[in-house]
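What follows is a single structure, written as structure tokens, with notes after it.
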Amino acid sequence: MKFFKRIQEFLYTYRIRFLAIILIQIIAVISFTLVPLLIREDFYKDFILTAIEQKTGLEVKVGSSDLVLFPFPGIELKEVQIRKEELVIGISDRIKVDISWFGLLGQKVEIRDVYISGGKINLHKNKDGSVDLIEFFQQDTEDSENSNHNHTIRIFDPSSTVESSSFISPKEIFKVGLKNVEIENFYIHYQDDTHRKTYEIYLSNSALNISFYGNNFVLTLQGKLDGQSFQIYGSTNLDEFPTTYENSKFQSTISLDKCSLSIFRDLLTIFPNADFSKTILNGTIKIDKVPNRSINFNVIAQAKNFAYKGGNPFGDIKVNMEFRLDLPNKKLEFPYISILWPGIAEGNAKGTVLWNYKTNVSFQVTANYLDYHSALRLGKLFEFTKKFDDPNRPNGVFYFSVDLKNVYALKHRIPVLKAELKYSYPWIHIPSFHAYIYNGEILGKSKIDPFTSKFEVQGEAYRIQSDRILMPYVNDPIINGDMFSRFNFVTEVHNRSSDFTTEFFRNMEGSGNLQVLNGELLGYANFMIPVLNTLGKIISFNGIDGRKVEFSSLKSDFTIENNHLHFQNLKLQGKGLEADGKGNISFEKNIDVLINLRLGGNIVGRVLKIPIIYKGVFKQSIPYIDPIWLGSVFAGSTILAPFFTFAGGPYGGGIAGSVVSEYVRDAWEGLKGLFSSKEDKKRNNLKNRRKFYESKIIHSDCIGLDARFYFGSFIRSFYKIRNF
């Protein structure tokens, strides 16, 4: 401690002497270094410029230049032309070059920093992958290959090694001793012959920094590509050069702000149906690579305004995902993918992609909610072009295991949908799916062609609430009860149909059966309303509530074709009544159904059948009792009733009327088929008369009808049929 204290006292005592000595040394250094530089400024400017030309192999022509001494010696050039042999390959408003003090004192130029402000170069990528510098003043960039060859300098050739390149190799850059390059307000015109495109690149503020030992690079790029802003930050570590993929270490961050996907138009040509010129992308992509590991990507992005060619933009999707790229093993691994499309979809996924001899994809997908139609519309945008199909390469196979909640499809919300999918172009095979909907279940299998929207489905339904399954298609409830069904159908939806659901049902063909247990017919489907209104004054229907028809079972086989749902053998077992029928209902709500109602009783119920007709537009046309049957009731009660006196009263007339009605209807149908080749005038007259009698029933209030009118109608109809 005493030693250091004595040194401190000594320095303090002789501080003036030490300061003077240091000042003299500084003056001496300045005198022996700076003064000669200032005196021989032109010499040193030429010396530095010549050394730069020798090291870079370029000729530099300047309008004016200044020698710079602080903080590092160098030269500042203005109105610069960069030449290679006789060609002007670039221009710049201002270039500043800093060199090392030690190199300058040793009569050597070691370039330390380069600052470029303003300027432009032209690059040309040929079809063989080589890159040329184009003469700056060359006006016609679409000259022949020979002309281009005479006015360009090749700076990259994929067929040659780095050492044999005709321009500057990375090793030569290291030899120069370059540490920093900063570029601002610089333009690059890039012509790509492979895709016949040109790009305008603007670098607003960019930099390249090299560490002292030359093994670490830091790159910053800020600017615009075809008017779209971008920011790229990256660094890499090169302990040895050339490096290998396994030993490489780098990281990068790419930021995009309101960037149009049109800048990736050459890559996106693989999707011929899509128009990405309106698509805007915001987000950040982080890339990280460490030795002996895969390349790791983290993506947080938002994309909106997708569109078909000639269509309107749609979609606003947010994506957060991580994936790892293993190039040697040709593998992509996705630890997680999170997607949010507000109001349309929210879900997660994870999986892997292998692309060796054949592409294999496996994903597990979950979703909190999903609008199937919107997702399908977006997915069909990304149909690959067949231009790049390799006939020698087998189609890829994609496996998906999905567990979805709140799936919206065909105007229904499916709370839970689980399925296993296998996609092999062009079909999505679904060997099993299980949906929970309306307190019931639907199980089955399916095939889907997503590109033509063709569907093939086989399935079974259990305990589904029938009123809720029909709710999206009818305004008022018409039936309730637990529905069971087996079904199969095929259908197709034309591309970009304006109404997917309507097209889905219109083109459907299939068959199956259904049964509804312990339910009720309500509203328009309540066929007791026309019965009570028409016959209630004549026949007493004790114990029957006309507001609804309760049943223990309603079942039928059905077929689907020509936009119609056909019921072949509809049977209903109700409380105090039975019914059977047949007919069809179109998906456009046209209806043509005949129901035969049988009331209770061992004798009367089996013989007395009341035919009820639904014909016209669903819920617009009024159901009515067959007018032929009504006329037959009166005729039967007055002519044939004595033969049915065991039934008593009006029931005897009803039984007789049922017999006569069946006879007349069968005769009517038979005569129509027998004389179908008669003149249209006679046939139309009979049809018009029949419509006239039906209209009398439809437009009457169906209460207190005059039986004599129906009897007269029946007699006249029967008379005309006989004379036919």
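Along the charge dipole of the range 233-323, Cβ charges K/R +1 and D/E -1, which of Asn247, Thr269, Met321 sits furthest on the positive end?
Looking along the dipole axis, the top candidate is Thr269.
How much length, in nm to one decimal, is gained on full extension between Val617 and Val319, taken as 0.36 nm per residue of separation minus their Cα-Cα distance?
102.5 nm
Relative to the Cα centre, what is the charge dipole magnitude of the range 422-515, using +1 at the beta carbon of each Lys and Arg, -1 at the beta carbon of each Asp and Glu, and rounding to the nearest 20 debye?
Roughly 300 debye for the range 422-515.
Can you grab the distance from the C-alpha centre of the range 224-268 to the C-alpha centre of the range 305-355, Å, no decimals?
So the separation of the two Cα centres works out to 19 Å.
Give the residue from Leu594, Ser498, Leu470 lying farthest towards the positive end of the charge dipole for the range 410-612; charges sit on Cβ (+1 for Lys and Arg, -1 for Asp and Glu) and the dipole is referred to the Cα centre.
Leu594
Just to verify a number: FRET efficiency for Glu86 and Leu327, C-beta to C-beta distance, R0 = 51 Å, to 0.05?
0.75
Give the calculated FRET efficiency between Lys555 and Ser401 to the nearest 0.05, with a Förster radius of 41 Å applied to their Cβ-Cβ distance.
My answer for the efficiency is 0.70.
Quick check: residue separation of Phe70 and Ser498 times 0.36 nm, minus the Cα distance between them. What number comes out in nm?
This chain segment gains 147.0 nm when fully extended.
What is the Cα centroid distance between the range 110-130 and the range 414-441, reported in whole angstrom?
Each part reduced to its Cα centre gives a spacing of 55 Å.
On a 30 Å Cα-Cα criterion, which of the cross-link pairs Lys418/Lys589; Lys571/Lys619; Lys405/Lys615 come out too long?
Correct reply: Lys418/Lys589; Lys405/Lys615.
Please get the size of the charge dipole for the range 308-381, origin at its Cα centre, with Cβ charges of +1 on Lys and Arg and -1 on Asp and Glu, quoted in debye to the nearest 20.
320 debye
Return the subset of Lys125/Lys278; Lys289/Lys447; Lys330/Lys380; Lys45/Lys84; Lys55/Lys286; Lys330/Lys454 for which the Cα-Cα distance in this structure is over 30 Å, preserving the input order.
Going by Cα-Cα distance, Lys289/Lys447; Lys55/Lys286; Lys330/Lys454 fall outside the 30 Å limit.
Using a Förster distance of 60 Å, how high is the FRET efficiency between Thr236 and Arg463, based on the Cβ-Cβ distance and rounded to 0.05?
About 0.45, to the nearest 0.05.
What nm distance separates the two modelled labels at Ile26 and Lys127, each placed 7 Å from Cα along Cα→Cβ?
It is 6.7 nm.
Quick note: the coordinates plus some simple rules give every number you see, no bench work behind them. If you're wondering where the values come from, they're calculated on a predicted model, not measured in any experiment. Cβ: placed from backbone, ideal geometry, glycine included. Neighbour counts: every protein chain shown.
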